[in-house]
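Undergrad: Below is the structure I would like to discuss, written out as structure tokens.
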Amino acid sequence: MTEEKKPEERKKRRTATEAASRIGPMVKAMVGEVMQAKEEKKPIAYSFICCCYDEIIRAMDIVPHWVENYAGICGAKRDAQRFLERAEAENFSRSLCTYALCGLGFDAWREELGEMPPESPWGGQVRPTMMLGSGQMLCDPRNKWFQAAQHYMPDIPVYDLGLPWPPYESDYDYRQVQDYYVKYIVEELKGLVQFLEKHTGKKMDWERLNQLVELTDKTWNLIWETYELRRAVPSPMGTGDAMNTMVPIVFMMGTQQAYDFFQDLNKELKQKIANKEGEVPDEKYRLLWGGGLPAWFALGDFNYFNSKGAVFPVETTYRMIEAIYNFDMDLTKVTDPLEHIAWRWVKFWTYWHDRARKRPGSHPDVERLIKYFEDYKIDGIVMHEAFSCRSWHPGLIWQLNLLKKVYRDIPSLVLESDIVDISSYNEADTRARIDAFIDTLEAVKR
Amino acid sequence: MSQYFAGVDIGSTMTKVVIMNQAVLASVIGPTGPEHRKLANRVMEEALEKAKLPFDDITYVVATGYGRINVPFADKQITEISCHARGAAYLLPEARTVIDIGGQDSKGIKLKDGRAVDFVMNDKCAAGTGRFLEVAAEELGVKLEDMGKLSLAAKNAVRISNTCTVFATQEVVTKLSEGAALPDIIAGLHEAIATRVYGMLRRLKIEREVALTGGGAKNIGLVKALEAKLGFAVLVPPEPLLTGAIGAALLGGDIVKEAEEKGTPLPRAERRLQEATLFT
């Protein structure tokens, strides 16, 4: 049976930083903690990254089970296909998000068996106590996934959190409407706290929440400062590593572990810069990973870029932080933790709005690319178009075209495959494209 | 003493070899077999015979195309994007954009100072490539090389709505059974490819003049369909299949010149057209 097939695991990707090499065991431990929580009958919540509720659930001792992460693990271990096929057999369309398909296929199979599917990667995705959606302007599966998962787990409650932000308008200052957005988000978060209190039988510890919110702010600042170190020539760390160091950013926010990790990385990068130690010995081309989630089963492609002397000092993917002190308001003065979270969210998503309004025809997403281009001395841009993503990825080509229109023509490469579905990927073709791209970079440099 | 350069372009369906000094001295085009290295050996031999040159006289050999890594006697492998760009810029200096429609992929290349500065590529799907026409030709019982001329007699091109080659073939069968005229069906197929290629090209800022290369450029029906999409005429080199091989040979010349100017040593492969197998 196809479902029983278990492919060989890929060799571990080589990382440039010692910190990034510690991430694999950290993720494994994180998945292990969920298993442990299940045994200890602690509440477990299916969670999404970039959700605004990191500190809230941690303040209530609810253990997050990051479903996108689990699908990514299956993809990285090249063991997602059997879960995708299972979802397809349940009549979910193959054109849906493959994170969602992998998770739904896994859930359907686990619920049917009454136990984990055979040889589930790292023990499997456990049956949760609750599922916390948070979609709205990010992507539709983040609203619909858990509703669909309820087909297999009708007894598991879902809370669907709406997290809007003022959309960009070139002739309109978002500050005129930002208060409404913050108010709306605060109400949504209040509803979430009530939901969690109801389903855990435990009251929110507001003081603890305050502390965690403060810790998150501190961590955001530290991450921003650490990633800015990568501007150095040669750059000490690339996007390949950042696809590891995203773990504390998106799965561990509001924990001391995340802060400590970035302190270590910060020290390591400073040391590498002092030693003039780049990600590659002979840095020739500096590239911007301009968007798209990576093909988790093909992270070795970053090493392939490295073998050509190409490095990625910066990326937009998973850099889901800004320095809090760079916002146009003093967030430390917002003492209510839910309001604080809401303001942080709105300020993050509107951070590039003002720059965009200054350049006719531009857009915040494009301004971010331009700023990185200049700050990090970039030679070319690479994007990854994952076919199964219908929200962010289709807009990438538009961003690229707009960048070339409002800024300048720059060498670009669009890789095509998926986040999880390996059938979309051809290593030989991908590397032929990378070779050709390197040729164009060389031609432009001449 | 004259210097001679060889370009070997092993595409998915055709293998092309040129030998150049100041101009093309000899060229050979033959079908690509399953064992590229053996075929490369043979076509190179044929090209040398045509040029009346011993292999030792070839200063530098550059291989390109999908099978480029399978050419044991090549001094260097260079991607087909760079080779097509160099070849097109040499053959048609006024070209700023190159469209190459090959057997297995299609690509668009932006040129600046004779070099590729940006490109797009479709290698994921047979639609938009020569393979699409090959499959359809077989289904229609028509020779591939006749399709272009046949389509010029079309009065009302049919619309092929499927972008998948396999399903499009079924659609062709249905259209035939509905009584559609052969030229109208073939014109519809050309239109479908042109639409696909044009969609891909929109990622590049298309700048005139546009050169069309590869096997697709030999199909007059496809050329017309593409021109209709672009809204202007394209330039086609005298032998569009050789563009990549010519570019490879020229790049070989550039490499040698640069090495001589800098006084840097240039490693070369052994000048022996040995037989090789894929699995040694």
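The values are calculated or read from the model by the stated rules, or taken from the named source; none is laboratory data. Fair warning: this is a prediction, and the values are worked out from it, not measured in the lab. Positions of Cβ are backbone-derived with ideal geometry, glycine not excepted, and every protein chain shown enters the neighbour counts. The area values use the complete protein model at the heavy-atom level, side chains included, leaving out ligands, DNA and RNA. Shrake-Rupley method; radii C 1.70, N 1.55, O 1.52, S 1.80 Å.
Undergrad: Just need a number here: residues in segment B:204-224 that are farther than 17 Å from B:ALA136 by Cα and either within 14 Å of chain A (Cβ to nearest Cβ) or small (Gly, Ala, Ser) (or both).
TA: Looking only at that region, the number is 7.
Undergrad: Out of all the residues in segment A:197-210, is one or more surrounded by 15 or more Cβ atoms within 10 Å (Cβ to Cβ), acidic (Asp, Glu) and in a helix (DSSP H, G or I)?
TA: Residues of segment A:197-210 that are surrounded by 15 or more Cβ atoms within 10 Å (Cβ to Cβ), as a first pass: A:199-200, A:204, A:208-210.
If we keep only those that are acidic (Asp, Glu) too, we end up with none.
No, the conditions are met nowhere in segment A:197-210.
Undergrad: Moving to a separate point now. Looking only at segment A:20-75, which residues are over 18 Å from A:MET246 (Cβ atoms), part of a helix (DSSP H, G or I) and open to solvent by 10 Å² or more (accessible area, probe 1.4 Å)?
TA: Those that are over 18 Å from A:MET246 (Cβ atoms), part of a helix (DSSP H, G or I) and open to solvent by 10 Å² or more (accessible area, probe 1.4 Å): A:GLY32, A:GLU33, A:MET35, A:GLN36, A:LYS38, A:GLU39, A:ARG58.
Undergrad: Suppose the filter is among the β-branched types (Val, Ile, Thr), facing chain A (nearest Cβ under 10 Å) and over 23 Å from B:ALA40 (Cα atoms); does B:VAL142 pass it? First the steps, then the outcome.
TA: Details: among the β-branched types (Val, Ile, Thr): yes; facing chain A (nearest Cβ under 10 Å): no; over 23 Å from B:ALA40 (Cα atoms): yes.
Considered against the rule, which asks whether it is among the β-branched types (Val, Ile, Thr), facing chain A (nearest Cβ under 10 Å) and over 23 Å from B:ALA40 (Cα atoms), B:VAL142 comes out as no.
Undergrad: Another question about this same structure. Any chance segment B:212-220 includes a residue that's within 21 Å of B:GLU94 (Cα to Cα), under 25 Å from the mean Cα position of the chain (by Cα) and among the β-branched types (Val, Ile, Thr)?
TA: Yes, some residue in segment B:212-220 is within 21 Å of B:GLU94 (Cα to Cα), under 25 Å from the mean Cα position of the chain (by Cα) and among the β-branched types (Val, Ile, Thr).
Undergrad: Tell me whether segment A:260-272 contains one or more residues that are outside any loop (DSSP other than H, G, I, E, B), within 16 Å of A:VAL314 (Cβ to Cβ) and open to solvent by 40 Å² or more (accessible area, probe 1.4 Å).
TA: Scanning segment A:260-272, I find no residue that is outside any loop (DSSP other than H, G, I, E, B), within 16 Å of A:VAL314 (Cβ to Cβ) and open to solvent by 40 Å² or more (accessible area, probe 1.4 Å), so the answer is no.
Undergrad: A:PRO364 fails exactly one of the following numbered conditions: (1) surrounded by 16 or more Cβ atoms within 10 Å (Cβ to Cβ); (2) farther than 21 Å from A:CYS50 by Cα; (3) modelled with pLDDT of 95 or more; (4) of a type outside the set (S, T, N, Q). What is the number of that condition?
TA: Among (1) surrounded by 16 or more Cβ atoms within 10 Å (Cβ to Cβ); (2) farther than 21 Å from A:CYS50 by Cα; (3) modelled with pLDDT of 95 or more; (4) of a type outside the set (S, T, N, Q), A:PRO364 violates only (2).
Undergrad: Listed residues B:ALA248, B:ALA194, B:ALA168; which is assigned by TED's automatic domain parsing to the domain that holds B:MET44 and open to solvent by less than 10 Å² (accessible area, probe 1.4 Å)?
TA: Working: B:ALA194 fails: assigned by TED's automatic domain parsing to the domain that holds B:MET44; B:ALA168 fails: assigned by TED's automatic domain parsing to the domain that holds B:MET44.
Sole residue among the options that is assigned by TED's automatic domain parsing to the domain that holds B:MET44 and open to solvent by less than 10 Å² (accessible area, probe 1.4 Å): B:ALA248.
Undergrad: If I ask for residues that are away from chain B (no Cβ under 12 Å) and not in a strand (DSSP E or B), which ones from segment A:380-396 would you list?
TA: Applying the first criterion (away from chain B (no Cβ under 12 Å)) to segment A:380-396 yields A:382, A:384, A:386, A:388-395.
Within segment A:380-396, A:SER388, A:CYS389, A:ARG390, A:SER391, A:TRP392, A:HIS393, A:PRO394, A:GLY395 qualify.
Undergrad: Let me ask something additional. From the set of residues in segment A:397-409 that are touching a residue at least 24 places away in the same chain (Cβ under 8 Å) and within 11 Å of chain B (Cβ to nearest Cβ), which is surrounded by the fewest Cβ atoms within 10 Å (Cβ to Cβ)? Let's see the steps before the verdict.
TA: First, pick out the residues of segment A:397-409 that are touching a residue at least 24 places away in the same chain (Cβ under 8 Å): A:399-400, A:402-403, A:405-407.
Narrowing the set further to residues that are within 11 Å of chain B (Cβ to nearest Cβ) leaves A:400, A:405.
On the way: A:LEU400: 21, A:LYS405: 13.
Checked segment A:397-409; the qualifying residue surrounded by the fewest Cβ atoms within 10 Å (Cβ to Cβ) is A:LYS405.
Undergrad: Just checking, how many residues over segment A:410-446 are within 8 Å of chain B (Cβ to nearest Cβ), surrounded by fewer than 17 Cβ atoms within 10 Å (Cβ to Cβ) and either at pLDDT 90 or above or within 20 Å of A:LYS284 (Cα to Cα) (or both)?
TA: Of the residues in that region, 1 qualify.
For every residue, the table says whether it meets (1) in a helix (DSSP H, G or I); (2) on the phi > 0 side of the Ramachandran plot; (3) among the aliphatic types (A, V, I, L, M).
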residue	(1), (2), (3)
B:ALA47	yes, no, yes
B:PRO72	no, no, no
B:ALA95	no, no, yes
B:GLN104	no, no, no
B:LYS107	no, no, no
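Undergrad: What are the pairs, 6+ residues apart or on separate chains, where a residue within segment B:189-203 that is more than 14 Å from every other protein chain (Cβ to nearest Cβ) has its Cβ under 8 Å from a residue that is assigned to a helix (DSSP H, G or I) and among the hydroxyl-bearing types (Ser, Thr, Tyr)?
TA: Listed by first residue and then by second, the contacts come to B:LEU189/B:SER151; B:HIS190/B:SER151.
Undergrad: Next up: Just checking, which of B:LEU48, B:LEU53, B:LEU91 is away from chain A (no Cβ under 14 Å) and under 17 Å from the mean Cα position of the chain (by Cα)? Quick ask: steps written out before the conclusion?
TA: Values: B:LEU48 fails: under 17 Å from the mean Cα position of the chain (by Cα); B:LEU53 fails: under 17 Å from the mean Cα position of the chain (by Cα).
Exactly one of B:LEU48, B:LEU53, B:LEU91 is away from chain A (no Cβ under 14 Å) and under 17 Å from the mean Cα position of the chain (by Cα), namely B:LEU91.
Undergrad: Next up: Given B:ILE81, B:ILE101, which one is open to solvent by less than 10 Å² (accessible area, probe 1.4 Å), within 12 Å of another protein chain (Cβ to nearest Cβ) and modelled with pLDDT of 85 or more?
TA: On the way: B:ILE101 fails: within 12 Å of another protein chain (Cβ to nearest Cβ).
Among B:ILE81, B:ILE101, only B:ILE81 is open to solvent by less than 10 Å² (accessible area, probe 1.4 Å), within 12 Å of another protein chain (Cβ to nearest Cβ) and modelled with pLDDT of 85 or more.
Undergrad: For B:TYR66, work out the one condition from (1) open to solvent by 10 Å² or more (accessible area, probe 1.4 Å); (2) away from chain A (no Cβ under 13 Å); (3) at pLDDT below 95 it doesn't fulfil.
TA: In the conditions (1) open to solvent by 10 Å² or more (accessible area, probe 1.4 Å); (2) away from chain A (no Cβ under 13 Å); (3) at pLDDT below 95, B:TYR66 misses (2) alone.
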